[in-house]
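The values are calculated or read from the model by the stated rules, or taken from the named source; none is laboratory data. This is a predicted model, so every value here is computed, not measured. Because the Cβ atoms are built from the backbone with ideal geometry, glycine has one as well, and the counts that use them run over all protein chains shown.
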Amino acid sequence: MTMTSTLCPSYFEYSDNMDTKCLVELCILSRCCTDAIDQLPADYMKVLYRAILNLFKETENDLSKQGRSYAAYYVKEEFKDLVRAYRVEAQWAAKGQVPTFDEYIRNGLTTTVYGVIMAASFLGMEEVAGVEEYERLKSNQKIVRAGKMIGRLMNDIVGHEIDFKKEKKERNSRDFQAYRLLV
C-alpha cells in the first residue's frame, strides 16, 4: 500500500514530462531489474524504483520459503497493471484530453488500487488464498468490478472536494467532465 501511495504522486506531480513517465513505465513493466536504475533521470525516481524492486525481491524470497512464490507473481502483475493505468491518465493529462466515461471508468477501476490491495492482502492468508483465489481476482468477476467501481466513485468524490478546495480546476475537469459526458 505504501508503494502505491508513493507511486501516484511521483508519477503525476514530480515527473515533468511524458518521456520520464514512459521511462518509468519501461523500467517497471518491462524489466523489473536493477540494470534500469541508472537510466532514470532523477534521483527520487531511482530511490522509488529501488524500493519497489527491493519490496518485490523480499516478498518473493519470503513467499518462496513458504512454497507460495506464485503469490508474489500476482501482486507484481497487479502493480504493473496499476502503472499502466497511471500512464494512461498521464497521457490524457498531457494532451488535455477528456476521456469518454467508459474509457475513464475502465482505466479508473485499476487506479482505485483495489487489485493491488486485494492481491497484497492475500499474502497474509496462507491457507485461504491459493492460486485459484488469485485467478478469481485477476478474472475481474462482477463482485470484484463492483468493489472497484465503489472505490473509483468514492475516490473521485473525495478528490473532487479536495481539488475544489485547492482550486485545482484542471484535475477537477478531467475527472468530472468524463462523468458529465453521460448527462
For residues that are surrounded by fewer than 12 Cβ atoms within 10 Å (Cβ to Cβ) and not in a helix (DSSP H, G or I), scanning just segment 22-66, find the one that is modelled with the lowest pLDDT. Cys33
If I ask for residues that are among the aliphatic types (A, V, I, L, M), under 13 Å from the mean Cα position of the chain (by Cα) and within 18 Å of Gly151 (Cα to Cα), which ones from segment 77-119 would you list? Leu82, Val83, Ala85, Leu109, Val113, Val116, Ile117, Met118, Ala119
Considering residues that are free of Cβ contacts under 8 Å to residues at least 12 places away in the same chain and of a type in the set (A, V, I, L, M, F, W, C), the number found within segment 103-146 is 4
